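The next block holds one structure in the form of structure tokens; read it before the comments.
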Amino acid sequence: MRRRHAPRTTTLPPAAAPAAPPPEPAPAPPEQMAPPEPVTPPAARLPVTDPDELEREAGVARLFELHYSSMLRLAVLLGADDPENVVAEAYYQIYRRWRKLKDVAAAEAYLRSTVCNLTRMRIRHLQVARRLSENPPDETVASAENTALLRDDQRVLIDALQQLPTRQREALVLRHWLGLKESEIAAAMGITCGSVKTHTSRGIAALTQAMEARR
């Protein structure tokens, strides 16, 4: 009789457990950001103080205080119809050229010369304009300031002075009204000392003759 064998049972290995998911990476620590640089407020803008510019402004202002009245009187006596504008232009020109001047004395001499030149140019311009004009020029109305300046002098003398040639009038005004030396007059008029003597002598002779004729 056959021995019955018990049926073989195949033992399966236990099922492998599902693999655990890989661990999630730990969150990176927040990046260490550098603190913002402090914002420096812009410096207050101060006006530029140029020593040369300050010196020029102070020098011209001082020159204005000392010589404006005499320069205005000079322009009036030389026959300028708008002496205030002539003197204002002279101060503007000396302001522009201040750095080229050596000292205050040179600035005063340049100012006188500029007033003379500007007045001479103004008179020539008026003479040309009057010759080209068909109608006679209207009589110039003197400003109150001009009238006040002329009241100090004899009107007859001033009228006679205005009738002199330009160079003779300049020489007499610079010599006898401003009391300048011949060298200073020569510098102001742009001529030689010998020419100053000539214009002064001829001017006195012409002025004397004109005054005698008015008596």
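Remarks
- Of the helices (runs of 4 or more DSSP H) lying entirely inside the stretch 66-158, those containing at least 3 residues that are of a type in the set (K, R) and at pLDDT below 90 span 104-132.
- Scoring W98 on the criteria (1) farther than 20 Å from R169 by Cβ; (2) out of contact with any Lys or Arg (no Cβ under 7 Å at 6 or more places or on another chain) leaves a single failure, condition (2).
- Residues satisfying the stated conditions in the stretch 163-215, i.e. among the polar types (S, T, N, Q) and touching an Asp or Glu at 6+ places or on another chain (Cβ under 9 Å): T200
- A residue that is under 23 Å from A109 (Cα atoms) and loosely packed, with under 13 Cβ neighbours inside 10 Å cannot be found anywhere in the stretch 168-178.
- Only one of R99, R73 that is surrounded by fewer than 17 Cβ atoms within 10 Å (Cβ to Cβ) and out of contact with any Asp or Glu (no Cβ under 6 Å at 6 or more places or on another chain): R99
- T192 over 18 Å from L72 (Cβ atoms) and modelled with pLDDT of 90 or more: yes
The values are calculated or read from the model by the stated rules, or taken from the named source; none is laboratory data. Note that the structure is predicted; figures quoted are calculated from it, not measured. Note: ideal-geometry Cβ built from the backbone for every residue, glycine included; neighbour counts use all protein chains shown.
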